[in-house]
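Report on the following structure.
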Amino acid sequence: MLSVANLACERDERVLFANLAFTVAAGSLWQVQGANGSGKTTLLRILAGLNGDYSGELQWQGKVCSEVRTEYQQALFFLGHAPSVNRTLTPLQNLRWFCALQGFADDAAIHSALNEHGLRGYADIPCYQMSAGQQRRVSLARLSLTSAKLWILDEPFTALDRVGVAELEARVSRHAAAGGAVILTTHHPLQTQHPLTVLNLDALRPEAA
Amino acid sequence: MSRVALGLGASLRATLRRELQLAISSPGKIVNPLMFFVIASSLFPLSGRLDIDVLGSIAPGIIWVTALLAVMLSMESLFRSDYDDGSLEQLLLSPQPLYFHVLIKVLGHWLVTGLPLVVVAPLLGLLLNLPAQGYVPLLIGLVLGTPTLSLIAAIGTALTVALARSGVLLAVLVLPLSIPVLVFGAGVVDTALNGLPVAGVIALLAALLVLALSFAPLAIVAALRINVQ
């Protein structure tokens, strides 16, 4: 699906990674590892097309990503560090806007996504009244709404309780098993039956070699 | 299946609705610039022994300058919360035409911050002894001019969204660009007060609005892409 060739990124004259090349195939589950500051977030944001400060080539289904931007963005779901949940709005209002940006409206699906993520009865409560973990769940409810093939998740397990972590692990595994692809970062050992590909940025760094 | 596919218009309406919901959920956004506008304008008559006719003749300038500052103040919050909580990433990564979404977001913001300024402006005209023939041109000018100011200020807001405190920098970026609007906006009223036809000046203001509507969204989108990395 997504292939990366010769990718290099430099931050403040520090090489984060160079000559990075890999292909994320359909049905694969990728975990990007590395110490704090090793460039995990930067890599994910480059892959998502948010950060243009790199050299190398990104290809989506064999075509250069920047040339098929709309097509790529239709197939991509990205979740960054921040939960992308407006605190003054309710989960329903937040998710309605998300759906509208994806080009559809479906309140029934939003309610069932919230139920699925343990937020039954919270649809109309302003998000600022919720805990950090619940806000993260609102954010992750998008996974049940998006039809994107490729998920890029930056530290999606932050603030989740143990049940939430297990559910999310199961969810990403199911997505990969169903022919999607997932790239995520996390510091905890991922519990999954699905074959996991690990990309360790520490081991790839030039000075480490 | 209850999923309804939305066209561009419907998804733009969703963005507009969200902007209005945000304003309702934090009413300070609407009230603060309005209070600033009223208080700052009403300081002028108190600030010295201004002759009442002199006051009337500088009233258009006072109203326009304070309106400009109020618009700038109000626009600072346009992308702030979306940047902080990551919603801006979702917007930039959505397969939607950003040009229209950004445009509708600015216009939504104008509806709740700029339009109230236009509505209270006649009251300030009364306070500042604006001659009777100045009210209609003042209103026409503000209706055409404040959206332009909002769009210009939004460019500055988008450029400074990554900075924690952008107040002064925003002013330095935005104020010079706002000068033409100010000149023609206050000019409409002055022209009317001098008994001259105002159509030409109004046309210039309208032209500035069309220019801003066409090009400001491009600049805003580009600035947001630079800042969200």
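Express in Å², to the nearest 10, the accessible area of residue A:149 obtained by rolling a 1.4 Å probe over the protein heavy atoms while all chains stay in place.
Spelled out: residue A:149, probe radius 1.4 Å, area about 110 Å².
When the Kirkwood hydrodynamic radius is evaluated over all pairs of different C-alpha atoms of segment A:112-209, what value in angstrom, to one decimal, is obtained? It would help to have the intermediate numbers written out before the result.
On the way: mean 1/r = 0.0670 Å⁻¹.
For segment A:112-209, inverting the mean 1/r across all distinct Cα pairs yields 14.9 Å.
Please compute the average number of Cβ atoms from other chains found within 10 Å of each residue's Cβ in peptide B:75-87.
Taking the mean over all residues of the peptide, I get 3.
For segment B:8-227, just list the percent of Cα-Cα distances falling in each 10 Å bin from zero outward, please.
Each 10 Å bin holds this share of Cα pairs: 8, 34, 34, 17, 6, 1.
By how many degrees, between 0 and 90 and to the nearest 10, does the Cα long axis of helix B:199-227 differ from the longest principal axis of chain B?
On a 0 to 90 degree scale, this one is about 30.
Mean separation of Cα pairs under 8 Å and 6+ residues apart, divided by the residue count of segment A:27-126: what relative contact order is that in percent? Display every interim value, and only then the final one.
Numbers: 52 pairs, mean separation 17.0, N = 100.
Dividing the mean separation by the residue count of segment A:27-126 yields 17 percent.
Summarise the accessible area of segment A:85-147 (1.4 Å probe, protein heavy atoms) by the percent that is carbon and sulfur.
Carbon and sulfur together cover 47 percent of it.
Chains B and A: what accessible area do they bury, summed, in square angstrom to the nearest 100, with a 1.4 Å probe?
Using a 1.4 Å probe on protein heavy atoms, the buried area is about 2900 Å².
Suppose accessible area is computed on protein heavy atoms with a 1.4 Å probe; arrange A:128, B:135 from highest to lowest.
On the way: A:128 120, B:135 50 Å².
Highest to lowest solvent-accessible surface, that is A:128, B:135.
What order do A:1, B:35, A:130 take when sorted by accessible area (1.4 Å probe), most exposed first?
Details: A:1 35, B:35 100, A:130 15 Å².
Heavy-atom accessible area, descending, gives B:35, A:1, A:130.
When the convex hull of the Cα atoms of segment A:1-62 is projected onto a plane and the area is averaged over all directions, what value comes out in nm²?
4.2
Please state the relative contact order of chain B as a whole percent: Cα pairs under 8 Å, 6+ residues apart?
Here the relative contact order equals 27 percent.
Considering only DSSP beta bridges where both residues belong to the protein assembly as shown, give the percentage that are antiparallel (nearest 5).
Antiparallel: roughly 45 percent of the beta bridges in the protein assembly as shown.
Run lengths n ≥ 4 of DSSP H only: what is the helix-derived mean residue ellipticity at 222 nm for chain B, with -39500 (n - 2.57) per run over all residues, to the nearest 500?
-27500 deg cm²/dmol
Over the whole of B:23-29, what's the average partner chain Cβ count within 10 Å per residue? Rounded to a whole number, please.
2
Using +1 on the beta carbon of Lys and Arg, -1 on that of Asp and Glu, and nothing else charged, what's the dipole of segment A:122-162 about the Cα centre, debye to 20? Kindly include the intermediate steps, with their values, before the conclusion.
Numbers: 5 positive and 4 negative charges, 27 e Å.
In debye, rounded to 20, segment A:122-162 gives about 120.
So what is the relative contact order for segment B:25-132, in percent, with contacts set as C-alpha pairs under 8 Å and at least six apart?
50
For the protein assembly as shown, with the dipole built from +1 on Lys and Arg beta-carbon atoms and -1 on Asp and Glu ones, taken about the Cα centre, which of A:126, B:139, B:102 lies farthest toward the positive end?
A:126
Hydropathy first: keep DSSP H helices in chain A averaging at least -1.0 on Kyte-Doolittle, then drop any whose Cα extent along the axis falls short of 15 Å, and list what survives.
Sorted by number, the helices that extend far enough and score high enough are A:91-102, A:162-177.
Measuring from the lowest to the highest alpha carbon on each principal axis, how far does segment A:37-90 reach, largest first, in angstroms?
40, 30, 14
If you put +1 on each Lys and Arg Cβ and -1 on each Asp and Glu Cβ, how big is the dipole of chain B around its Cα centre, in Debye rounded to 20?
480
Taking only the Cα atoms of the protein assembly as shown, how large is their convex hull per residue, in Å³? Show your work: numbers first, answer last.
On the way: hull volume 68.0 nm³, N = 438.
Once divided by residue count, the hull of the protein assembly as shown is 155 Å³.
Counting each DSSP H run of 4 or more residues in chain A as -39500 (n - 2.57), what helix-only mean residue ellipticity at 222 nm follows after dividing by all residues, to the nearest 500 deg cm²/dmol? Kindly include the intermediate steps, with their values, before the conclusion.
Values: 8 runs with 70 residues, N = 209.
Counting only the DSSP helices, I get -9500 deg cm²/dmol.
Using a 1.4 Å probe on the heavy atoms of the protein chains only, list every residue of segment A:100-139 that has 40 Å² or more less accessible area in the complete assembly than in its chain alone.
A:100, A:101, A:103, A:104, A:105, A:106
When Cβ neighbours within 10 Å are restricted to other protein chains, what is their mean count per residue of peptide B:90-100?
Across B:90-100, the average partner-chain Cβ count within 10 Å equals 6.
Could you work out the Kirkwood radius for segment B:134-229, taking every pair of different alpha carbons, averaging 1/r and inverting it, reported in Å?
Computed over Cα pairs of segment B:134-229, the Kirkwood hydrodynamic radius comes out at 14.2 Å.
Just how many pairs of Lys in the protein assembly as shown have C-alpha atoms closer than 25 Å, counting pairs that are eight or more places apart or on different chains? If you can, show how the numbers build up before the last one.
Numbers: A:40/A:63; A:40/A:149; A:63/A:149; B:29/B:105.
Total qualifying Lys-Lys pairs in the protein assembly as shown comes to 4.
Mind computing the radius of gyration and Dmax over the alpha-carbon atoms of segment A:13-147? Å is fine for both.
17.3, 50
Quick one: work out the % antiparallel among DSSP beta bridges in chain A, nearest 5.
Bridges in chain A are about 45 percent antiparallel.
So, with +1 on the Cβ of K and R and -1 on the Cβ of D and E, and no other charges, what is the size of the charge dipole of the protein assembly as shown about its Cα centre, to the nearest 20 debye?
So the dipole magnitude of the protein assembly as shown works out to roughly 620 debye.
How many Å² of accessible area per residue for chain A, probe 1.4 Å?
42
Skip the ligands, DNA and RNA, and give the accessible area per residue of segment B:8-227 with a 1.4 Å probe, whole Å².
42
Can you check what the net charge comes to around residue A:123, using other residues whose Cβ is under 13 Å from the Cβ of residue A:123 (Lys, Arg +1; Asp, Glu -1)?
Taking every Cβ under 13 Å from that of residue A:123, the sum is 0.
Rg to Rh ratio, segment A:85-147, alpha-carbon atoms and Kirkwood radius? Intermediate values should be presented prior to the final figure.
On the way: Rg = 10.3 Å, Rh = 11.2 Å.
With Rg and the Kirkwood Rh in hand, the quotient comes to 0.92.
The values are calculated or read from the model by the stated rules, or taken from the named source; none is laboratory data. Remember, predicted model here, so these are calculated numbers, not experimental data. Cβ coordinates were reconstructed from backbone atoms using ideal geometry, including for glycine residues, and neighbour counts include every protein chain displayed. For the accessible areas, the whole protein counts, side chains as well, though only heavy atoms, and no ligand, DNA or RNA atoms are used. Shrake-Rupley method; radii C 1.70, N 1.55, O 1.52, S 1.80 Å.
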